[in-house]
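The values are calculated or read from the model by the stated rules, or taken from the named source; none is laboratory data. Note that the coordinates shown come from a computational prediction; the quantities given were computed from them, not determined experimentally. As a convention, Cβ positions derive from the backbone with ideal geometry for all residues, glycine included, and neighbour counts pool all protein chains shown.
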Amino acid sequence: MAKKDQKKTGKMEDLRTKSDDQLAENLVMLKKEQFNLRFQAATNQLERSARVREVRREIAQIKTLQGERTREASKA
C-alpha cells in the first residue's frame with residue numbers, strides 16, 4: 001500500500017512543479033482524450049477501460065491544483 005501512496009504523491013508533486021499554462025495545456029489534452037475514450041466505450045472499441053478512470057483522476061488533480069492556486073492568489 002505504501003508504494004501506491006508514493007505514486008500518488010509523486011504525481012501531484014510533478015503537477016505542482018508545472019506552470020499555470022502547462023497545467024491548462026495538459027488539462028485540454030486530457031479532456032480531448034476523455035472525449036475520445038467515451039466514444040471508444042460507446043462503440044465497444046475501448047481496450048483499456050481503466051484509462052477512463054485514470055484520465056478522470058488526472059483531470060480532477062489538475063483542477064484541484066488550479067483551484068488551490070487561485071485561492072492563494074486571491075488571498076495575497
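Data for the structure
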| item | result |
| --- | --- |
| Pairs with Cβ under 9 Å, 6+ apart, first in the stretch 46-70 and small (Gly, Ala, Ser) and exposed (fewer than 13 other Cβ atoms within 10 Å of the Cβ), second in a helix (DSSP H, G or I) and modelled with pLDDT of 95 or more | Ser49/Leu37; Ser49/Ala41 |
| Residue within the stretch 42-51 that is more than 10 Å from the chain's Cα centre (by Cα), among the β-branched types (Val, Ile, Thr) and within 22 Å of Thr17 (Cβ to Cβ) present | no |
| Of all residues making up the stretch 13-35, the number that are surrounded by 14 or more Cβ atoms within 10 Å (Cβ to Cβ) and assigned to a helix (DSSP H, G or I) | 7 |
